[in-house]
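I have placed the structure first, in the form of structure tokens, so that the comments after it can refer back to it.
The values are calculated or read from the model by the stated rules, or taken from the named source; none is laboratory data. Keep in mind the model is a prediction, meaning the values are calculated, not measured. Every residue, glycine among them, receives a Cβ derived from its backbone with ideal geometry; neighbour counts consider all protein chains shown.
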């Protein structure tokens with residue numbers, strides 16, 4: 001696909017769910033937004049997307065959440081995405097720093113920009129729509145528009161397969177999504193989180209809808225919500241999963257589940273298969289739950 005066709009496709013809303021100013025006026029519309037030099041990537045899903053677009057050779061360093069693919073995991077580290085230091089970034093002499101709005105603190109970003117590094121921010125919206133905007137924008141910046149389209153089509157194909165599987169469940173399963181937050185501390189995802197978006201893409205209902213973000217939770221707090229299944233990051237499972245062994249548990253890598261990168265479709269399909277296998281044999285009713 002030629003670049004002019006990509007821009008026409010974006011502006012025409014051919015993605016279906018894409019809308020708003022980012023779709024109508026993509027950041028790559030200006031030629032000076034091309035990224036041809038060395039870059040630092042902040043955010044595991046974003047870094048993974050850059051590699052999937054074929055631009056991994058441009059990445060000089062990344063934050064500690066950038067663990068996939070293996071070449072990304074071997075990159076020099078510039079720290080955790082929320083606690084970056086200017087020295088760790090500038091020592092790599094990048095031309096560009098790309099992040100999804102979660103990089104910080106602001107004082108670090110100001111110093112990096114002041115040193116002549118261009119800062120580019122891509123959509124960090126935790127949704128399928130946000131993923132599509134993110135991949136298309138990166139594809140434009142990195143001159144990889146055709147590859148961006150291939151990635152989106154692959155994800156959509158997996159999501160179509162997942163929806164067919166989800167249709168067997170009868171009603172949306174009640175899900176609790178547990179993530180690690182420091183040693184021995186699990187948090188449950190509420191509204192406005194990638195975990196909540198994942199639950200919906202998997203055909204489920206996140207039972208913690210009474211707050212936004214993540215909050216610490218106890219075993220009793222989880223069981224009081226009568227979940228049909230748990231989705232747990234590997235880190236949280238080590239500290240928390242055993243005490244909830246009577247509830248079906250999908251345990252997965254945090255970046256795989258919540259990266260909202262090129263493997264988004266794989267993650268949704270994998271979780272959907274798990275839910276189908278564990279729950280479809282016992283049709284879900286309103287009263288289902290675990291005491």
- Is there a residue being in a loop (DSSP other than H, G, I, E, B) and more than 19 Å from the chain's Cα centre (by Cα) anywhere in region 105-113? yes
- Task: Test residue 197 against the stated conditions and say whether it is more than 22 Å from residue 277 (Cβ to Cβ) and in a helix (DSSP H, G or I).
- Result: yes
- Item | Matching residues in region 167-178 - criterion: being touching a helix residue (DSSP H, G or I) at 6+ places or on another chain (Cβ under 8 Å) and surrounded by fewer than 23 Cβ atoms within 10 Å (Cβ to Cβ) | 168, 169
- In region 206-227, which residues are surrounded by 14 or more Cβ atoms within 10 Å (Cβ to Cβ) and either more than 12 Å from residue 244 (Cα to Cα) or free of Cβ contacts under 8 Å to residues at least 12 places away in the same chain (or both)? 206, 207, 208, 214, 215, 217, 225
- Using the structure shown, decide if residue 266 is modelled with pLDDT under 95 and touching a helix residue (DSSP H, G or I) at 6+ places or on another chain (Cβ under 8 Å). no
- Considering only region 108-130, state which residues are touching a helix residue (DSSP H, G or I) at 6+ places or on another chain (Cβ under 8 Å) and farther than 30 Å from residue 199 by Cα. 108, 111, 112, 115, 117, 119
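How many residues does region 120-140 contain that are part of a helix (DSSP H, G or I) and in contact with a strand residue (DSSP E or B) (Cβ under 7 Å, 6 or more places away or on another chain)? Full working, then the answer.
Going through region 120-140, the residues part of a helix (DSSP H, G or I) turn out to be 128-140.
After this cut, where a residue has to be in contact with a strand residue (DSSP E or B) (Cβ under 7 Å, 6 or more places away or on another chain) as well, the list is none.
Total satisfying the criteria: 0.
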- Query: Does region 44-59 contain any residue that is over 21 Å from residue 132 (Cα atoms), assigned to a loop (DSSP other than H, G, I, E, B) and at pLDDT 95 or above?
  - Reply: no
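Being in contact with a helix residue (DSSP H, G or I) (Cβ under 8 Å, 6 or more places away or on another chain), at pLDDT 95 or above, in the same structural domain as residue 216 (by TED's automatic domain parsing) and closer than 21 Å to residue 42 by Cα narrows it down to one residue among 148, 144, 195; which is it? Don't jump to the end; show me each part of the working.
Details: 148 fails: in the same structural domain as residue 216 (by TED's automatic domain parsing); 144 fails: in the same structural domain as residue 216 (by TED's automatic domain parsing).
Of the residues listed, the single one that is in contact with a helix residue (DSSP H, G or I) (Cβ under 8 Å, 6 or more places away or on another chain), at pLDDT 95 or above, in the same structural domain as residue 216 (by TED's automatic domain parsing) and closer than 21 Å to residue 42 by Cα is 195.
From the list 37, 43, pick out the single residue that is touching a residue at least 40 places away in the same chain (Cβ under 8 Å) and under 18 Å from residue 194 (Cα atoms). Steps first, answer last, please.
Numbers: 37 fails: under 18 Å from residue 194 (Cα atoms).
After applying the criteria, what remains is 43.
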- Restricting the search to region 179-192, which residues are out of contact with any helix residue (DSSP H, G or I) (no Cβ under 9 Å at 6 or more places or on another chain) and either closer than 24 Å to residue 130 by Cβ or assigned to a helix (DSSP H, G or I) (or both)? 191, 192
- Message: I'm checking my understanding of the structure. Among residues of region 119-149 that are free of Cβ contacts under 8 Å to residues at least 24 places away in the same chain and within 18 Å of the chain's Cα centre (by Cα), which one is nearest to residue 257 (Cα to Cα)?
- Response: 125
- Query: Inside region 215-270, can you point out the residues that are outside any helix (DSSP H, G or I) and out of contact with any strand residue (DSSP E or B) (no Cβ under 8 Å at 6 or more places or on another chain)?
  - Reply: 218, 224, 245, 246, 259, 260, 261, 262, 263
